[in-house]
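> First the structure, which I've put down as structure tokens, then a few questions once you've had a look.
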Amino acid sequence: MEYIELEVIDVESSPTPSEAFALIVREKEGEKEMTIVIGLQEARTLVLLINKIQTRRPGTHELFKNFMELSEYKLNKVSIYHYDEGVFYAHLSLHNDEIDFDLDARTSDAIAIALLMNAPVLIKKDIFEKLSLAPRKEETSIEDFNPDIELQPEELELYIENKLQEMPLEELQRLLQGAIDSEDFELASKIHDEINIRKS
């Protein structure tokens, strides 16, 4: 089973109104790119990780990383091994001195953990060849954070608010429900405020 190693490039606004954000990945030994659709909460996490921005308190992925290290487990790699009807399937390959095993995970979570633990991200070659595109022309990214600058929480909040303002009302309503379902009430409050502004 042949795999290709990927590198994470950026998080961008999705071109279609029914989707939230797009994670852009590229083959490490080539120029073809591929898009993985992710939600707003996942986009926020990956923007922080891509740009090496430290938060004041550990999030879920940092907690997992800290637990792994204390338990003396190592992450060998992340593998995207299946794709079906728009959904990617991934697992974490873990090991310690006694055992090796694969742990199923959402692709966005798996990639976030790989970024935190400096582990390679792989994808089955046939999946990548089916979904990849030729490299795009250079264009201004929606995300221009400098990794060498420590972003202040206020600046991150402003970025999120700007992204919400760009989204259609229908998409905001879907994101609101998703935020409530995942108990991200801070984000739900921001979305609710933006919806109220639109309606007024």
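The values are calculated or read from the model by the stated rules, or taken from the named source; none is laboratory data. Treat the numbers as computed from the prediction; the structure is a model and nothing was measured. Every residue, glycine as well, gets a Cβ built from its backbone with ideal geometry; the counts of neighbours run over all protein chains shown. With ligands, DNA and RNA removed, areas are computed over all heavy atoms of the protein, side chains included. Shrake-Rupley method; radii C 1.70, N 1.55, O 1.52, S 1.80 Å.
> So if we plug the beta-carbon distance of Asp102 and Glu2 into 1/(1 + (r/R0)^6) with R0 = 22 Å, what FRET efficiency do we get, rounded to 0.05?
The value I calculate is 0.80.
> First compute the accessible area of the range 1-91 with a 1.4 Å probe, then give the percent of it belonging to carbon and sulfur atoms.
Taking all protein chains in place, the range 1-91 shows 48 percent carbon and sulfur surface.
> Using the Karplus curve 6.51 cos²θ - 1.76 cosθ + 1.60 with θ = phi - 60°, work out ³J(HN,Hα) for each residue of the range 77-93 in order, rounded to whole Hz, and write x for Gly and Pro.
Values, residue by residue: 5, 10, 10, 8, 10, 8, 9, 8, 6, x, 10, 8, 10, 9, 9, 9, 9 Hz.
> ³J(HN,Hα) across the range 168-176 via Karplus (A = 6.51, B = -1.76, C = 1.60, θ = phi - 60°), whole Hz, x for Gly/Pro?
Calculated HN-Hα couplings, in order: x, 4, 4, 5, 4, 5, 5, 5, 4 Hz.
> Can you tell me the alpha carbon radius of gyration of the range 61-129 divided by the globular rule-of-thumb value 2.2 N^0.38 Å?
1.12
> Specify which residue in the list Asn76, Ile50, Ser108 is farthest towards the positive end of the charge dipole of the range 17-110, using unit charges on the beta carbon of Lys, Arg (+1) and Asp, Glu (-1), about the Cα centre.
Checked the options; the winner is Ile50.
> At Glu72 and His192, where each label point lies 7 Å from the Cα along Cα→Cβ, what is the point-to-point distance in nanometres?
Calculated label separation equals 4.8 nm.
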